[in-house]
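**Q** Got a structure for you, questions after.
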């Protein structure tokens with residue numbers, strides 16, 4: 001896809017509005033089209049033009065600003081953290097457990113794109129189980145590339161529960177509990193649709209991200225669209241078309257406290273996140289140093 005189409009997509013005011021609503025207060029990441037020295041697409045979580053501050057959105061116009069600030073790397077996909085942060089001013093803010101809030105519990109349903117009916121059936125298994133636990137109006141369903149994300153709306157959990165449990169523990173235990181409780185039914189879907197690659201995973205961890213609503217996919221020419229939970233079976237892959245995508249704009253529904261009982265039950269059965277929230281240690285070349293190298297290489301090529 002020509003990169004001009006990428007820019008046109010993110011310049012759309014409705015796209016910016018939806019991304020802002022979903023991403024506000026969350027740590028952003030950009031998957032770019034340019035590649036590093038290892039031939040891998042550049043993945044950015046800090047802005048090298050803002051003093052190495054974590055990427056985040058404060059207002060709707062920031063979507064366009066962030067894309068333009070890193071235009072030399074050709075940003076394509078926008079991800080957001082499953083944890084929300086009280087502040088995002090420096091690198092220490094994203095490693096401080098006490099700075100987190102409002103988690104986004106996420107069930108990652110992965111499959112072959114062509115077997116999308118099986119993916120939708122797996123979504124229905126998850127939403128039916130949530131409904132059996134009293135959670136029916138606080139679920140966000142998003143098709144992303146080859147599969148789906150099922151999110152539990154952060155505000156479906158009351159302040160009282162947040163005051164007693166760690167946000168990461170909440171997200172991990174709820175997702176794990178539902179994965180375990182629906183494992184057999186997911187297996188039945190796998191068999192019924194001959195979808196051997198279908199899987200539902202718990203990928204909750206301190207640095208976990210999810211594709212933003214209305215973001216473009218990192219490889220496929222498709223848009224991450226939300227689906228109406230009551231009309232899942234109507235979904236078709238052409239809904240993700242960049243030119244004519246079909247998106248459920250009323251995804252931001254919730255009932256405060258609707259998920260409280262589920263969260264408490266999951267916490268009792270699963271416990272919290274099994275690993276310590278460790279400070280991040282860089283294993284790759286810092287982005288600012290790589291950018292300098294990238295610019296030098298380009299200047300050399302121009303000569």
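The values are calculated or read from the model by the stated rules, or taken from the named source; none is laboratory data. Nothing here was measured: the structure is a model prediction, and the numbers come from that model. No Cβ is skipped: glycine too gets one built from the backbone with ideal geometry, and neighbour counts run over all protein chains shown.
**Q** Filter region 62-83 down to residues that are touching a helix residue (DSSP H, G or I) at 6+ places or on another chain (Cβ under 7 Å) and in a loop (DSSP other than H, G, I, E, B), then give me how many there are. Spell out how you get there, then give the answer.
**A** Keep residues of region 62-83 that are touching a helix residue (DSSP H, G or I) at 6+ places or on another chain (Cβ under 7 Å), which gives 63-64, 67, 74-76, 78, 80, 82-83.
If we keep only those that are in a loop (DSSP other than H, G, I, E, B) too, we end up with 74.
Selection size over region 62-83: 1.
**Q** Could I ask something else about it? Are there helices (runs of 4 or more DSSP H) fully within region 104-192 with at least 3 residues that are closer than 14 Å to residue 262 by Cβ? List them.
**A** In region 104-192, 116-132, 167-181 are the helices (runs of 4 or more DSSP H) which contain 3 or more residues that are closer than 14 Å to residue 262 by Cβ.
**Q** Given (1) more than 14 Å from the chain's Cα centre (by Cα); (2) on the phi > 0 side of the Ramachandran plot, where does residue 214 come up short, assuming only one miss?
**A** (1)
Every residue, every condition in (1) over 18 Å from residue 120 (Cβ atoms); (2) touching a helix residue (DSSP H, G or I) at 6+ places or on another chain (Cβ under 6 Å), yes or no:
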{"site": "230", "(1), (2)": "no, no"}
{"site": "247", "(1), (2)": "no, no"}
{"site": "250", "(1), (2)": "yes, no"}
{"site": "260", "(1), (2)": "yes, yes"}
{"site": "264", "(1), (2)": "yes, no"}
{"site": "272", "(1), (2)": "yes, yes"}
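**Q** Can you report the number of residues in region 57-90 which are crowded, with 16+ Cβ neighbours inside 10 Å and under 15 Å from residue 47 (Cα atoms)?
**A** Qualifying residue count for the region: 15.
**Q** Being under 28 Å from residue 74 (Cα atoms), surrounded by 14 or more Cβ atoms within 10 Å (Cβ to Cβ) and modelled with pLDDT of 95 or more: is that true of residue 239 here? Outline the logic, then answer.
**A** Numbers: under 28 Å from residue 74 (Cα atoms): yes; surrounded by 14 or more Cβ atoms within 10 Å (Cβ to Cβ): yes; modelled with pLDDT of 95 or more: yes.
Criteria met by residue 239.
**Q** From the list 24, 38, exactly one residue is within 25 Å of residue 205 (Cβ to Cβ) and free of Cβ contacts under 8 Å to residues at least 12 places away in the same chain. Which is it? Walk me through how you get there before you give the answer.
**A** Details: 24 fails: free of Cβ contacts under 8 Å to residues at least 12 places away in the same chain.
Exactly one residue qualifies, and that residue is 38.
**Q** So which of 266, 210 is part of a strand (DSSP E or B) and under 22 Å from residue 162 (Cβ atoms)? I'd like the intermediate steps shown before the answer.
**A** Numbers: 266 fails: part of a strand (DSSP E or B).
The conditions single out 210.
Let's see how each residue does on (1) loosely packed, with under 15 Cβ neighbours inside 10 Å; (2) out of contact with any strand residue (DSSP E or B) (no Cβ under 6 Å at 6 or more places or on another chain); (3) modelled with pLDDT of 95 or more:
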site	(1), (2), (3)
168	no, yes, yes
176	no, yes, yes
181	no, yes, yes
196	yes, yes, yes
202	no, yes, yes
208	no, no, yes
225	no, no, yes
229	no, no, yes
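**Q** Just to be sure, is residue 64 in contact (Cβ under 8 Å) with a residue 40 or more places away in the chain, over 18 Å from the mean Cα position of the chain (by Cα) and more than 24 Å from residue 205 (Cβ to Cβ)?
**A** Values: in contact (Cβ under 8 Å) with a residue 40 or more places away in the chain: yes; over 18 Å from the mean Cα position of the chain (by Cα): yes; more than 24 Å from residue 205 (Cβ to Cβ): yes.
It is true that residue 64 is in contact (Cβ under 8 Å) with a residue 40 or more places away in the chain, over 18 Å from the mean Cα position of the chain (by Cα) and more than 24 Å from residue 205 (Cβ to Cβ).
**Q** Could you list all residues from region 107-139 that are under 16 Å from the mean Cα position of the chain (by Cα) and surrounded by fewer than 24 Cβ atoms within 10 Å (Cβ to Cβ)?
**A** Listed by number, the residues that qualify are 108, 110, 139.
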